[in-house]
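Everything on this sheet refers to the single structure shown next.
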Amino acid sequence: MKYEPVIGLEVHAQLKTNSKIFCGCSTEFGKDPNVNTCPVCLGLPGVLPVLNRKVVEYTIMMGLATHCRIAQESIFARKNYFYPDLPKGYQISQYEEPLCADGWVEIRSNGSSKRIGITRIHMEEDAGKLVHEGAFDASKASFVDLNRACVPLIEIVSEPDLRSAKDASEYMQTLRDILVYLDICDGNMEEGSLRCDANVSVMPRGSDTFGTRAEIKNMNSFRFLQQAIEYEIDRQIDILESGGEVVQETRLFDSDKGVTSSMRGKEEAHDYRYFPEPDLVPLRIDQEWVEELSVKLPELRDARIDRYVTDMGLPEYDAEVLTSDRPVADFFEAVVNKGTKPKSASNWVMGEFIRIVKEKGMDSARITPEQLARIISLVEEATISGSAAKKVFEDVFATGKDPDGVVKEKGLAQVSDEDAIRAEVKKILKNHPDEVAQFRGGREKVLGFFVGQVMKATKGKANPKVVNKILRELLAE
C-alpha cells in the first residue's frame, strides 16, 4: 500500500457501581425514563457533587492492570458543550491531570504480540440519552431520558499506535477482557456499557507526519468498529489520490450501508473551554491504597491463556475458548483442582457446559465443579458410556443431583461383564451369517454393524471396548 493508516481509540467503559459517580442514584439499566434521577444528576441549581469512592478504586485497578502511572493528585474539570441530553451544559471529567497515565497493553497481532500505548485513563460522568420518535421528521418529537446522566465512566485514550482496523478491534477486545476480568465493567456493548470513538488518518508509507484525522463516534461492536475504520481508511486514500484534502471532522458509521458520513466539524480541546471543577477539591491518592489494590488484582485473561498452554499443556485454541468468559474459566480451573486431567476437563467445559450455558445462562447452572469431575471419572472408570454421561450431565446441570444417584436412578450404568456381553455377541453372530462371512472375507467395516447390533440389544449399556474385544475374538475363530 502507498499509504499507512494511523489509528487511536477513545474507549468509554461504564463502571459496575450500584450508584452514580456524583450522587446516590441507581445505575440499573432498563428502568423507566427519568426514574434514576435526583437534583444532582438533573443539574438543578444549588446542588453539589459528591465523589463515589468506588469509582476511584475501579479506575485505579484499571490503571494498574494497564501498567499506568497512578497520579498522587488529579483534578476534575468542567468540559463545556451544549447538547439536549447534557442537563448542566457541561460534563464533569478530567483533562490535564487525569488519575492514570502513560500505560500500555499488549495485543495479539498476526501470531505475535504488539504493545499499544495508553495516553491516559480518566473518570467522567455520562450524559443522558435522546429518544427520537422519527428521524428527520419535523412533526415527530425527541425525548430526553436522564437515567444515564451522571453514570460513572472511565475513558481510556490510546496513543496513535494502531496501524490496521483488525488491530484496533483486537485492542478493544483486549481492553474488554481486562475490564470484565477485573469485574469493574460488564462489557455489555449492546447496552452501551462499552463503546468507543476512533480517530483515523492516513499518511504516506514511511512518513512520520500524521495526516488529518476524522473521528468516528460511538461504536459498540467489534465488527462495526473494524468495518468503519476500513471504510474510513479507503475513503481518505481515495480523497488524497484524487488530489483532494481530508477535512478534520466527526463522522458517524451507518452499519446497514457500511459507510461513514459527516456529523459535524471536529472539536479541539480548547473548544470545550476546560477549567477546574470548582465544586470538587483535588483528588489525592494514598500510595498505601494503591499498593493494597495492586495485591488484590486478579489474574487477567492473557496470563491465564499462557498458563493453560504452558503449565496445563492445553492447545491455544482451548485456552482462548475457556478464558473468553471469566466464570467459565473459574469453573474449568475448579474442575481441574478436583483432580481431573486438564484436557478432559477442557473437553467437557468447552462442549457440554458452554453449550447449555449459552442456551440457558450461567445462572441456571446447578452443577458444581466436583460433580463434573465425578461424571468425567465415571466415564474414565467405564462405569458409564460417553453418551450416557451427557444424559447424566444434563440432569445434574439442571437439578444439582448427585451424579452416582442419577446413574442409578436412570439405569445408565455400563455393562462390562464379559460373560453377559459374550452371550449377546454370540446371538448376533448366529443371526447374521452373511455379515460374518463378509468380515472374514476382509470387509472390516462390517465390525461397526455388529457393534451397533450389540448396543441395540443391550439398550446402549454394553461397554463398547469390551464389545469390540469379544467380537474380534469370536470372529477370529
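Computed from the coordinates by the stated procedures, all read-outs in this text should not be read as laboratory data. Please read all numbers here as calculations on a predicted model, not as lab measurements. Neighbour counts are summed over all protein chains in view; Cβ atoms, including those assigned to glycine, are modelled from backbone coordinates with ideal geometry.
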Normalised by the number of residues in the stretch 299-410, what is the relative contact order in percent for Cα pairs under 8 Å and 6+ residues apart?
20 percent
Please count, across the stretch 244-352, the pairs of lysine residues with Cα atoms under 30 Å apart that sit 8 or more places apart or on different chains.
4
What does the highest-first list of 442-451, 383-392 look like by mean Cβ count within 10 Å?
383-392, 442-451
Where N is the number of residues in the stretch 418-475, Cα Rg divided by 2.2 N^0.38 Å:
1.00
Can you tell me how the stretch 202-311 classifies by the Cα gyration tensor, rounded, prolate or oblate, using a/c under 1.5 as the rounded cut?
oblate
Calculate I(q)/I(0) for the stretch 317-466 by the Debye formula, one identical point scatterer on each C-alpha and no solvent, and give its log10 at q = 0.13, 0.19, 0.20 Å⁻¹ to two decimals.
-0.68, -1.04, -1.11
Taking every pair of distinct Cα atoms and averaging 1/r, then inverting, what Kirkwood hydrodynamic radius in Å comes out for the stretch 139-235?
15.3 Å
P(r) tail fraction, the stretch 168-220 - alpha-carbon pairs more than 16 Å apart, %
54 percent
So how strong a dipole does the stretch 120-189 carry about its Cα centre when Lys and Arg Cβ are +1 and Asp and Glu Cβ are -1, to the nearest 20 debye?
160 debye
The chain: angle of helix 464-475 to the longest principal axis, Cα-based, in degrees nearest 10
30 degrees
FRET efficiency (TYR317, ALA398; Cβ distance; R0 25 Å; to 0.05) is 0.30
Give the relative contact order (percent, whole number) for the stretch 1-159; include only Cα pairs under 8 Å separated by 6+ residues.
28 percent
Lone Cys, the chain, Cβ cut-off 4.7 Å -> CYS23, CYS25, CYS38, CYS185, CYS196
Helical mean residue ellipticity (222 nm; -39500 (n - 2.57) per DSSP H run of 4+; nearest 500) of the chain:
-12000 deg cm²/dmol
Computed FRET value (nearest 0.05) for SER207 with ASN431, which takes r as the C-beta separation and R₀ as 60 Å
0.15
Tally of Lys pairs whose C-alpha atoms are under 30 Å apart, taken over the stretch 1-148, 8 or more apart or cross-chain:
25
How tilted is helix 369-380 with respect to the longest principal axis of the chain? Cα atoms for both, answer in degrees (0 to 90, nearest 10).
30 degrees
Can you tell me the relative contact order of the chain? Whole percent, Cα pairs under 8 Å, sequence separation 6 or more.
13 percent
Exactly which GluC sites (Glu not before Pro) in the stretch 238-278 are in a DSSP loop and have at most 15 other Cβ atoms within 10 Å?
GLU245, GLU267, GLU268
Relative to the compact-globule scaling 2.2 N^0.38 Å, provide the ratio for the alpha-carbon radius of gyration of the stretch 3-288.
1.02
Which lysines have a Cα less than 17 Å from the Cα of LYS459, not counting those fewer than 8 places away in the same chain?
LYS390, LYS391, LYS408, LYS410, LYS426, LYS427
Quick check: the angle from helix 386-399's long axis to the longest principal axis of the chain, C-alpha only, nearest 10 degrees?
50 degrees
Compute the label zone of PHE143 within the stretch 13-52: residues whose backbone N is under 16 Å from the point 7 Å along Cα-to-Cβ.
30-37
